[in-house]
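Q: Starting off with a structure, shown below.
The values are calculated or read from the model by the stated rules, or taken from the named source; none is laboratory data. Keep in mind that this is a model prediction, so the values were computed, not measured. So basically every Cβ, Gly included, is an ideal-geometry build from the backbone, and we count neighbours across all protein chains shown. Surface accessibility is based on the protein's heavy atoms, side chains included, excluding ligands, DNA and RNA. Shrake-Rupley method; radii C 1.70, N 1.55, O 1.52, S 1.80 Å.
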Protein chains: 2
Amino acid sequence: MSDPLIDKLLENSIGWLADSGPDEDIAISSRIRLARNLNGCNFPINCDDEQLETVETIVDSAMRGGLEPDWMNFKVDRLDDSDKMILFERRLASKELFSRKRGAGLWTSPDERLSLMVNEEDHLRIQSVLPGFQLEKVYETIDRFDDELSAGLDYAFDSTLGYLTCCPSNLGTGMRASVMLHLPGLVLSNQIGGVLQGVRKLNFAVRGIFGEGSDNRGNLFQVSNQSTLGESEPEIIERLSNIIGKLIDYEKRARQRLLAKQSQMVFDRVGRAYGTLRYCYMLSSEEALNSLSLIRFGVDMGMFSSMDIHMVNELFVRINPAHLQRAYGAVEDAQARDVLRARMMRERLRG
Amino acid sequence: MSDPLIDKLLENSIGWLADSGPDEDIAISSRIRLARNLNGCNFPINCDDEQLETVETIVDSAMRGGLEPDWMNFKVDRLDDSDKMILFERRLASKELFSRKRGAGLWTSPDERLSLMVNEEDHLRIQSVLPGFQLEKVYETIDRFDDELSAGLDYAFDSTLGYLTCCPSNLGTGMRASVMLHLPGLVLSNQIGGVLQGVRKLNFAVRGIFGEGSDNRGNLFQVSNQSTLGESEPEIIERLSNIIGKLIDYEKRARQRLLAKQSQMVFDRVGRAYGTLRYCYMLSSEEALNSLSLIRFGVDMGMFSSMDIHMVNELFVRINPAHLQRAYGAVEDAQARDVLRARMMRERLRG
């Protein structure tokens, strides 16, 4: 049975996609997550169900102490498959969290800008996301929240190593900061390969919208720090912000050049994407992402007077299987879902 | 310099595409051409310029004798390249006709339903075309015209062999009858290969819209008789009409089956074609033909309330290079033409 809170979540717009932020023509969102663990408890991977539930009780009680009353709390064992997929598609929870039978949960603010997974890889995975490019603001938000939480919790912390984490790759700050960039200009002008190679050489990771293996669907790229050790949080954020600033600049110049030298090609690609989404009757999620990406590009170039990029941003999430089926009813297979996806797209673009 | 008559021709709609005819949902047009030669003159291939001009004078004088005053007469040596392409794209004249330096010409009725090439492969190539599937009516029309013409001309005719023609493949009746069929149902349901194989086994020829080598662009197929000898004209037409009737029936059933069993696929293909034509900025003639074909299919299935198939029929001709450049001005290369073609399509579909 579905958790009724999921329906409440679905009624809200997704704050970090629907609202405005700095450089939003290129930067979709800025995200930071902190890995934290409790002193004297095994990492979740070495816990039995009882120990997991003990951790959960401790964290939940700290959360209830200082929270706004409208935060939502989900327990993994009370979610059905569709609920889990909704949370995954909204990037609130991971598949690893759902692999736990007991003691795993999720807290989120109603605008989904701040959230907390309990007993994922670490006891706590705190996440903050804001629209656009504003990593410092995200860090301020998550740091304040982390401070409040830590008042009621005994974090596992070593004065030399920093925060102790299940995986050594998170040791130290326990922080992963990332910015989701929309780079159609660099892709269409065939510069993306070289640019990303440079980013990786500087020891930043680049992944697709749904993490490892999701390629460059929708011309969306998440750029994040690789190392968590040997630098302070502000240093990591400054280094990442510098490279993001450069990428935004490259993308801006690529768009200007395309418009100056290959405007017909750009209009053609954007127009065809719009024509497809507006009149198709079967649509895979990959084609939907790629077409939405081009429309987002077109909106930025002023090709569409009546559309705004926040609607397109939200569609990046709403075209996914669980969201589609919540909106239109369950279907049997991927092909039937492609029919629903096309219907939603036609309705949205005509509206 | 362009012949001013070409502009007059362009003002008219193309009768055999713009008007209604029997079975027009599947049969675009019915066409018959007769090859005739004058007694005592070499075939054009063996004529010098003077002889060609003598033939032309004889034919022109016979034409002027009995014609409606609004027929147009074009002299090949007074046409520029664009004029020639216009006549070719409207299927009034062939490239072979244009290869003659002197003595070659074309007569056409203003609705283009009846026309005559002078000194193409034969001294006279008479053509009649009507919309839809009505070969008997076309034959009546061309036969009456041929009778009128022959009153003033001495045709090369042998009581055993029939009409003498330059190429032995036209000997006898000198007649080639064809029907242009639109067969998207058989193509989309992958039945076209087998069906056309059967047609060819019965000794009929199948070609694309612009003759040999134009494949099945736009899902358009011309089916015509191969042999001109050993049967009377009505016998050839009856045999061809029988097979065309069967093909129309197969296509109807294929469309019904597609709509019953794969309607989403059909809507999707048609919708995408419409979306492309309505919003693209670069369009090759091949893609234009194929997309128009799907829209024609959609119109027949009632998917478009405000479009009619005659507009689509005419676009099959108007998307071609010379017609495009007459409408929008000369351009430098095929890529610039693709931009014009897309513009015309957007304007037509929005109108």
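Q: Picking from A:Ser232, A:Ser227, which residue would you name as being open to solvent by 40 Å² or more (accessible area, probe 1.4 Å) and at pLDDT below 95?
A: Working: A:Ser227 fails: open to solvent by 40 Å² or more (accessible area, probe 1.4 Å).
The match here is A:Ser232.
Q: Within the range A:326-339, identify whether any single residue is under 21 Å from A:Phe267 (Cα atoms) and not assigned by TED's automatic domain parsing to the domain that holds A:Asp81, and answer yes or no.
A: No, the range A:326-339 contains no residue that is under 21 Å from A:Phe267 (Cα atoms) and not assigned by TED's automatic domain parsing to the domain that holds A:Asp81.
Per-residue answers, yes or no, for (1) outside the structural domain of B:Leu164 (by TED's automatic domain parsing); (2) within 20 Å of B:Ile243 (Cα to Cα); (3) part of a strand (DSSP E or B):
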residue: B:Met117; (1), (2), (3): no, no, yes
residue: B:Asp122; (1), (2), (3): no, no, no
residue: B:Gln127; (1), (2), (3): no, no, yes
residue: B:Leu130; (1), (2), (3): no, yes, yes
residue: B:Glu136; (1), (2), (3): no, yes, no
residue: B:Tyr139; (1), (2), (3): no, yes, no
residue: B:Phe145; (1), (2), (3): no, no, no
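Q: Select from the range B:53-72 the residues that are in contact with a helix residue (DSSP H, G or I) (Cβ under 8 Å, 6 or more places away or on another chain) and either open to solvent by 10 Å² or more (accessible area, probe 1.4 Å) or of a type in the set (Ser, Thr, Tyr) (or both) and list them in ascending order.
A: B:Ser61, B:Ala62, B:Gly65, B:Gly66, B:Trp71 - these are the residues of the range B:53-72 that are in contact with a helix residue (DSSP H, G or I) (Cβ under 8 Å, 6 or more places away or on another chain) and either open to solvent by 10 Å² or more (accessible area, probe 1.4 Å) or of a type in the set (Ser, Thr, Tyr) (or both).
Q: Starting from the range A:129-141, keep only residues that are more than 15 Å from A:Arg176 (Cα to Cα), then list their pairs with residues that are of a type outside the set (Val, Ile, Thr) and open to solvent by 30 Å² or more (accessible area, probe 1.4 Å) whose Cβ atoms are within a distance under 6 Å, requiring at least 6 positions of separation or different chains.
A: If the second residue must be of a type outside the set (Val, Ile, Thr) and open to solvent by 30 Å² or more (accessible area, probe 1.4 Å), the pairs left are A:Pro131/A:Asp19; A:Gly132/A:Pro22; A:Gly132/A:Asp23; A:Gly132/A:Glu24; A:Phe133/A:Pro22; A:Phe133/A:Asp23.
Q: Let me confirm something: among A:Glu50, A:Glu56, A:Glu24, which residue is outside any helix (DSSP H, G or I) and not small (Gly, Ala, Ser)?
A: None of the others qualify; the one that does is A:Glu24.
Conditions tested, residue by residue: (1) open to solvent by 20 Å² or more (accessible area, probe 1.4 Å); (2) closer than 24 Å to A:Arg343 by Cβ.
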position	(1), (2)
B:Ile237	no, no
B:Ser241	no, no
B:Ile248	no, no
B:Arg255	no, yes
B:Val270	no, yes
B:Glu286	yes, no
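Q: Given (1) in the same structural domain as A:Asp81 (by TED's automatic domain parsing); (2) surrounded by 19 or more Cβ atoms within 10 Å (Cβ to Cβ); (3) more than 21 Å from the chain's Cα centre (by Cα), where does A:Thr276 come up short, assuming only one miss?
A: Looking at each condition in turn, A:Thr276 falls short on (1).
Q: Restricting to the range B:257-268, name every residue that is away from chain A (no Cβ under 14 Å) and free of Cβ contacts under 8 Å to residues at least 60 places away in the same chain.
A: B:Ala260
Q: Any residue that is of a type in the set (Gly, Ala, Ser), more than 14 Å from chain B (Cβ to nearest Cβ) and within 23 Å of A:Thr141 (Cα to Cα) - is there at least one of those in the range A:215-225?
A: Among the residues of the range A:215-225, at least one is of a type in the set (Gly, Ala, Ser), more than 14 Å from chain B (Cβ to nearest Cβ) and within 23 Å of A:Thr141 (Cα to Cα), which makes the answer yes.
Q: For the range A:270-308, how many residues are outside any loop (DSSP other than H, G, I, E, B), out of contact with any Ser or Thr (no Cβ under 9 Å at 6 or more places or on another chain) and under 23 Å from A:Asp23 (Cα atoms)?
A: Here the count works out to 12.
Q: Give me a count of the residues in the range B:18-32 that are in contact with a strand residue (DSSP E or B) (Cβ under 7 Å, 6 or more places away or on another chain) and open to solvent by less than 40 Å² (accessible area, probe 1.4 Å).
A: Count: 8.
Q: Condition test on B:Leu229, is it in a loop (DSSP other than H, G, I, E, B) and more than 20 Å from B:Leu292 (Cβ to Cβ)?
A: yes
Q: Quick test for you: out of A:Lys8, A:Lys75, A:Lys101, pick the one residue that is surrounded by 15 or more Cβ atoms within 10 Å (Cβ to Cβ), outside the structural domain of A:Ala322 (by TED's automatic domain parsing) and more than 30 Å from A:Asp158 (Cβ to Cβ).
A: So the residue among A:Lys8, A:Lys75, A:Lys101 that is surrounded by 15 or more Cβ atoms within 10 Å (Cβ to Cβ), outside the structural domain of A:Ala322 (by TED's automatic domain parsing) and more than 30 Å from A:Asp158 (Cβ to Cβ) is A:Lys75.
Q: Related question: Which members of the range A:119-135 meet the condition of being more than 13 Å from A:Gly21 (Cα to Cα) and open to solvent by 20 Å² or more (accessible area, probe 1.4 Å)?
A: A:Glu121, A:Arg125, A:Gln127
Q: Please enumerate the residues belonging to the range A:234-252 that are closer than 26 Å to A:Phe304 by Cβ and touching a residue at least 12 places away in the same chain (Cβ under 8 Å).
A: Answer for the range A:234-252, where residues must be closer than 26 Å to A:Phe304 by Cβ and touching a residue at least 12 places away in the same chain (Cβ under 8 Å): A:Leu247, A:Ile248, A:Tyr250, A:Glu251, A:Lys252.
Q: Answer with yes or no whether A:Arg239 is within 21 Å of the chain's Cα centre (by Cα) and within 30 Å of A:Leu202 (Cα to Cα). Break it down stepwise before answering.
A: On the way: within 21 Å of the chain's Cα centre (by Cα): yes; within 30 Å of A:Leu202 (Cα to Cα): yes.
In short, yes.
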